[in-house]
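Structure first, then comments.
The values are calculated or read from the model by the stated rules, or taken from the named source; none is laboratory data. These numbers were taken from a predicted model, which means no experiment stands behind them. When we count neighbours, we look across all protein chains shown, and the Cβ atoms used for this are built from the backbone with ideal geometry, even at glycine. For the accessible areas, the whole protein counts, side chains as well, though only heavy atoms, and no ligand, DNA or RNA atoms are used. Shrake-Rupley method; radii C 1.70, N 1.55, O 1.52, S 1.80 Å.
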Amino acid sequence: MLSSDFDVIVIGGGHAGCEAAYASAKLGCRTLLLAVNLDTIGAMPCNPAVGGPGKSHLVKEIDALGGVMGIAADATYLQMRMLNSSRGPAVQSLRAQSDKREYSAWMKDFMETLPNVTLRQGMVVAFLTEGERVAGVQLGFGERLSCNAVVLCAGTFLEGTIWIGRETQPAGRAGEFPSIGLSGCLKALGFKMDRLKTGTPPRIDGRTIDYTDLVYVPGDEKLSFFSFLDKRPVREQLPCHQTRTTEKTHEIIRANLHESPMYSGMIHGVGPRYCPSIEDKVVRFADKDSHGLFLEPEGRNTYEVYLQGCSTSLPIAVQAQIVHSLPGLENAQMIRPAYAVEYDYLPAIQFTHALMSKDLKGFFAAGQMLGTSGYEEAAAQGLMAGINAARFVQEKDPFILERSSSYTATLIDDLVTKEIGEPYRMMTSRSEYRLLLRQDNADLRLTPIGREIGMVDDYRWQLFANKQEEIKAEFKRLSQTRIHPSKECDELLAKHDESLKQNVSLEELLRRPRVPYEVIETLSPASPGKKFAWHQEVETEIKYAGYIERQKSQVAQAEKLDGVKLPSDLDYLAFENLAKEAREKLNRVRPETLGQAARIGGVSPADVSVLLVWLETRRRNQAYKDKQALAASAGQTVAAAVSS
Ligand SMILES: Cc1cc2nc3c(=O)[nH]c(=O)nc-3n(C[C@H](O)[C@H](O)[C@H](O)COP(=O)(O)OP(=O)(O)OC[C@H]3O[C@@H](n4cnc5c(N)ncnc54)[C@H](O)[C@@H]3O)c2cc1C
């Protein structure tokens, strides 16, 4: 073993690996970041975008906790759009079209300048252990490096195979070696592995697309940003365009389904239900005669265009027919074929909420490796795994977020509790508290916790504190400022709502669903001539106060069960009065709390009651034994006192 002066070794320079290395270094650990190819740090192998429904919430949370992805996305956007802006605040989602090359270069520069981080190119082929604890890694050319914790963020690389039609190639993704041998090592260490698959669409030469009749999709005029920091880079925005599949497209696909490795059963890995391939769409939604596809620029200095919504693994010749059947792409040149990648992953039920293995201490994993799909999902896990690897090395308690605090916690809790059968993608519907977990209040929910654990620096903390002060002052102003019915007020309200009948506070007026903040600002501006920066946060809290209160009481209810710990070595198979399915699932997942047990698919409320009764009985027995022991030792003491 070559002793190395690293505390934490992070394997993988993808979205998970970068956040993990950053967090571990930020918390004071000497961190080594290893990647098969250092030139693909922060690479976006699939869509040139960050954010969108459910995913933007994760990016905001990463930023609120002091992470990197939000800052990188703001620095390298081609276009910013707020999706679902006409819908409720819980589902409004920011999406950045990113310049892929700029994003990767920005991330590599950033990682290279970080104190405590060392970048190295190398392929990890085995883990080194000492007893039940990880002790280091072995690299392809024989080097063995020691460390106190490892974070595996190997994405789609483990035994990776890419598919185009019946042709395969060993690869982690197009153009990059697969990671061979590590899966075997993990299985030998007792880990269960399984296979998943994901796909990506063709890339088109933008100069060969006829945009004349295509739908033009510009960025928002009013720019929004992911980061809560105050850097607001204004960049020239590039448009996207929309085209659609035709009946001809569907015919081509139906005629060649037998050539699809997915449909011919050659691929065993399961693909993402919510990022379906074009074959899946034509088969699963046969009633639809057309599907929308977006043409997304991959960067400012390239003419490559990403054909969003058309991921496939059909043979190249069929792909070309599909492309030419699309309006505007009749003469288009495909410059990179679509493909599917099948890879090994680690079912996350083998890990704790800290993303540490239950059986190999100091071994953490994050990202696609644990069964998710998406840059944002990977980055959120990476940040948490990096924080916890550092805390493990520093012998601190694991940093676990409550499900009610964030989508990040919802993601991790779902992964380590529910046996996912396909790549897990975040959506706002995954949380039972989505009105509390809006993208606009991620800092309110997480920045104080991030500050506590050392992830939030003074600059970010000061910005946050100022914002909270301003919001508090505005709430006070709105509740204490009263307005009376007047002609000006009626004229302003006429476009939105009924006129005022009596004098009310600004807060009461704003509580009216149809009265926008603009009316309040016109009637009584917080500071004349200057729009109040945090009006959305204030308006949402006031307008949705009732719903928010209801969700908060739901949280309190659920947290009761999450506060009840379960022994990690309990043999659930011995519980005859638990349902058979529950016994098997509980023994496989080995939940840490009763709340987690209740969230396992197949564990009914009746099963939870059985466990609750068992825990109570055990507590009483223990209390009785303790009392007896106390009495006995008191007796012995009395006896000893008497005899002396
Ligand atoms: C073909 C394809 C299709 C995709 N489709 C979708 C999709 O439909 N929807 C979606 O949301 N996302 C999709 N993705 C994106 C996917 O989610 C990403 O792969 C995301 O980047 C996951 O991030 P990660 O950090 O977990 O892993 P990755 O970004 O894959 O990074 C893995 C890193 O680990 C390194 N590595 C691997 N093995 C070793 C080793 N043994 N030693 C040293 N370094 C190693 C690699 O060099 C790389 O730096 C797709 C990706 C691909 C490749």
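Quick notes on this structure:
- Qualifying residue in the range 246-255 (condition: within 16 Å of the ligand (Cβ to nearest atom) and either within 28 Å of the chain's Cα centre (by Cα) or of a type outside the set (K, R) (or both)): no
- Qualifying positions in the range 104-118 - hydroxyl-bearing (S, T, Y) and more than 11 Å from the ligand (Cβ to nearest atom): T113, T118
- Number of positions in the range 48-72 that are farther than 18 Å from A23 by Cα and assigned to a helix (DSSP H, G or I): 3
- Being under 30 Å from T352 (Cα atoms), in contact with a strand residue (DSSP E or B) (Cβ under 6 Å, 6 or more places away or on another chain) and surrounded by fewer than 21 Cβ atoms within 10 Å (Cβ to Cβ) holds for only one residue in E452, E422, E432, E395, and it is E422.
- If you go through the range 231-246 and keep only what is within 13 Å of K281 (Cα to Cα) and outside any loop (DSSP other than H, G, I, E, B), you end up with just R244.
- Residues in the range 492-517 that are part of a helix (DSSP H, G or I), open to solvent by 40 Å² or more (accessible area, probe 1.4 Å) and modelled with pLDDT of 90 or more: E507, E508, R511.
- Odd one out for Q97 among (1) in contact with a strand residue (DSSP E or B) (Cβ under 9 Å, 6 or more places away or on another chain); (2) assigned to a loop (DSSP other than H, G, I, E, B); (3) within 25 Å of L437 (Cβ to Cβ); (4) modelled with pLDDT of 95 or more: (2)
- Checking each residue in the range 338-379 for being more than 8 Å from the ligand (Cβ to nearest atom) and more than 17 Å from Y424 (Cα to Cα) picks out A338, T352, A354, M356, S357, K358, D359, L360, K361, G362, F363, F364.
- Pick from the range 564-573, criterion within 17 Å of Q596 (Cα to Cα) and either among the hydrophobic types (A, V, I, L, M, F, W, C) or part of a loop (DSSP other than H, G, I, E, B) (or both), ranking: most open to solvent (accessible area, probe 1.4 Å): D569
- Qualifying residue in the range 391-405 (condition: closer than 22 Å to E539 by Cα, more than 16 Å from the ligand (Cβ to nearest atom) and either outside the structural domain of G601 (by TED's automatic domain parsing) or free of Cβ contacts under 8 Å to residues at least 24 places away in the same chain (or both)): yes
- Look at (1) at pLDDT below 95; (2) within 15 Å of the ligand (Cβ to nearest atom) and you find that P202 fails only one, number (1).
- Positions within the range 173-221 being more than 23 Å from P45 (Cβ to Cβ) and without any contact (Cβ under 8 Å) to a residue 12 or more places away in the chain, in sequence order: G184, K187, A188, E221
- The one condition from (1) over 25 Å from the mean Cα position of the chain (by Cα); (2) open to solvent by 20 Å² or more (accessible area, probe 1.4 Å); (3) at pLDDT 95 or above that T161 does not meet is (1).
- Selection from the range 164-179 of residues that are open to solvent by less than 60 Å² (accessible area, probe 1.4 Å) and near the ligand (Cβ under 10 Å from one of its atoms): A171, G172, R173, A174, E176, P178, S179
- Residue match in the range 119-129 (condition: open to solvent by 40 Å² or more (accessible area, probe 1.4 Å) and more than 11 Å from the ligand (Cβ to nearest atom)): yes
- Residue within the range 297-307 that is surrounded by 23 or more Cβ atoms within 10 Å (Cβ to Cβ), of a type in the set (S, T, N, Q) and in the same structural domain as L370 (by TED's automatic domain parsing) present: no
- Some residue of the range 253-261 being touching a residue at least 40 places away in the same chain (Cβ under 8 Å), in the same structural domain as G219 (by TED's automatic domain parsing) and of a type in the set (V, I, T): yes
- Filtered by the rule that a residue be touching a residue at least 24 places away in the same chain (Cβ under 8 Å) and either over 13 Å from F228 (Cβ atoms) or open to solvent by less than 80 Å² (accessible area, probe 1.4 Å) (or both), the range 459-469 gives R460, L463, F464, K467, Q468.
- All helices (runs of 4 or more DSSP H) inside the range 574-644 with 3 or more residues being of a type in the set (G, A, S) and open to solvent by 60 Å² or more (accessible area, probe 1.4 Å): 605-643
- Contact map, the range 474-497: residues that are closer than 20 Å to K530 by Cα paired with residues that are open to solvent by 60 Å² or more (accessible area, probe 1.4 Å) and of a type in the set (S, T, Y), Cβ distance under 6 Å, separation 6+ or inter-chain. Pairs shown: L492/T522.
- Only listed residue being surrounded by 21 or more Cβ atoms within 10 Å (Cβ to Cβ), assigned to a helix (DSSP H, G or I) and more than 9 Å from the ligand (Cβ to nearest atom), chosen from A16, A21: A21
- In the range 199-228, the residues that are open to solvent by 70 Å² or more (accessible area, probe 1.4 Å) and either among the polar types (S, T, N, Q) or outside the structural domain of P337 (by TED's automatic domain parsing) (or both): T212
- Hits in the range 24-58 - residues which are within 19 Å of the chain's Cα centre (by Cα) and either more than 18 Å from A73 (Cα to Cα) or open to solvent by 30 Å² or more (accessible area, probe 1.4 Å) (or both): S24, P45, C46, N47, P53
- Of all residues in the range 518-533, those that are in a loop (DSSP other than H, G, I, E, B) and free of Cβ contacts under 8 Å to residues at least 24 places away in the same chain total 4.
- Test: residue in the range 71-91 that is open to solvent by less than 50 Å² (accessible area, probe 1.4 Å), in contact (Cβ under 8 Å) with a residue 40 or more places away in the chain and within 13 Å of the ligand (Cβ to nearest atom): no
- From the list L186, L182, L145, the one residue that fits, being near the ligand (Cβ under 9 Å from one of its atoms) and open to solvent by less than 10 Å² (accessible area, probe 1.4 Å), is L182.
- Considering G328, G362, the condition of being touching a residue at least 40 places away in the same chain (Cβ under 8 Å), in contact with a Ser or Thr (Cβ under 7 Å, 6 or more places away or on another chain) and surrounded by fewer than 24 Cβ atoms within 10 Å (Cβ to Cβ) is satisfied by G328 alone.
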